[in-house]
Amino acid sequence: MSDPTEANGTAGTAGADETAEPAQATGGGPGERHVRVVLVDDHRMFRTGVQAEIGQTTETGVEVVGEAADVDQAVTVITATRPEVVLLDVHLPGGGGVEVLRRCAPLMSDAERPVRFLALSVSDAAEDVIGVIRGGARGYVTKTITGTDLVNSVFRVQEGDAVFSPRLAGFVLDAFASTDAPPVDEDLDRLTQREREVLRLIARGYAYKEIAKQLYISVKTVESHVSAVLRKLQLSNRHELTRWATARRLV
């Protein structure tokens with residue numbers, strides 16, 4: 001897989017695909033269906049793992065045609081390759097998954113060749129789920145999903161279905177059943193997206209090493225994020241942080 005910054009090389013592949021006969025989107029087995037996918041995630045190791053898990057095209061029918069690690073790269077690669085489905089992380093440098101969706105809105109609304117988005121994130125927070133769905137994503141699954149289920153989810157999104165990890169569908173139903181706008185939490189708004197992820201995991205009782213493994217970052221980076229969260233929220237320790245997060249239903 002090429003480096004996500006090599007958008008020009010990826011674009012050349014897209015040009016070749018456009019002259020080929022269109023692949024069948026549905027069928028009884030992997031050989032009878034095909035979907036072109038772009039992976040958007042700021043962790044190279046995770047992208048490599050997803051590529052290894054689902055990108056064996058002859059077996060899964062999934063062809064990974066591009067990768068990106070931040071918002072600008074994502075928009076460039078998606079525009080160049082015009083995949084059927086984008087696997088999109090929620091938390092990205094440059095504005096997050098919602099910003100990618102905003103900038104790719106014309107591609108999503110293309111009646112002939114729509115680009116559809118499936119959020120794939122470690123976060124299962126209601127505001128993250130609702131944010132990307134309102135932005136236009138067709139579904140949201142967490143990174144605990146199996147390779148087989150992820151492949152099936154990709155094909156369902158390609159076909160226009162909405163796909164969610166089981167417990168996340170309720171967030172969307174509740175959000176769209178209510179006409180009330182969610183209240184603004186100024187304290188929470190002080191935190192970056194990565195700090196919010198660390199906050200939730202700390203509040204759930206994860207150790208620093210477990211958080212580092214979950215988020216594909218170093219323990220030292222976790223410690224830095226925790227210090228920043230405590231400082232911004234004017235809290236003294238992780239116990240106060242847990243109470244703070246629980247009171248706001250972030251856990």
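When Lys and Arg each count +1 and Asp and Glu each count -1, what net charge do the other residues less than 9 Å away from Val122, Cβ to Cβ, add up to? Write down the numbers at each step before the final one.
Values: positive: Lys143; negative: Asp89, Asp124, Glu197.
Net charge around Val122: -2.
Which of the peptides 118-129, 102-113, 214-225, 79-90 is most tightly packed, and how do the rest follow, judged by the mean count of other Cβ atoms within 10 Å per residue?
79-90, 118-129, 214-225, 102-113
Kirkwood hydrodynamic radius of segment 38-85 from all distinct Cα pairs, in Å?
11.0
Semi-axes of the equivalent ellipsoid of segment 108-150: what are they in whole Å, largest first, if each equals the square root of 5 times a C-alpha gyration tensor eigenvalue?
21, 15, 5
Grab the beta carbon distance between Thr148 and Arg102, set R0 = 30 Å, and tell me the FRET efficiency rounded to 0.05.
The pair Thr148/Arg102 has a calculated efficiency of 0.40.
What FRET efficiency would be calculated for the residue pair Ala162, Ser109, taking the C-beta separation as r and a Förster radius of 22 Å, to the nearest 0.05?
Between Ala162 and Ser109 the formula returns 0.85.
Laboratory data are not the source of any read-out in this text; all were calculated from the coordinates shown. From a predicted model like this one, the values you see are computed outputs, not experimental measurements. Because the Cβ atoms are built from the backbone with ideal geometry, glycine has one as well, and the counts that use them run over all protein chains shown.
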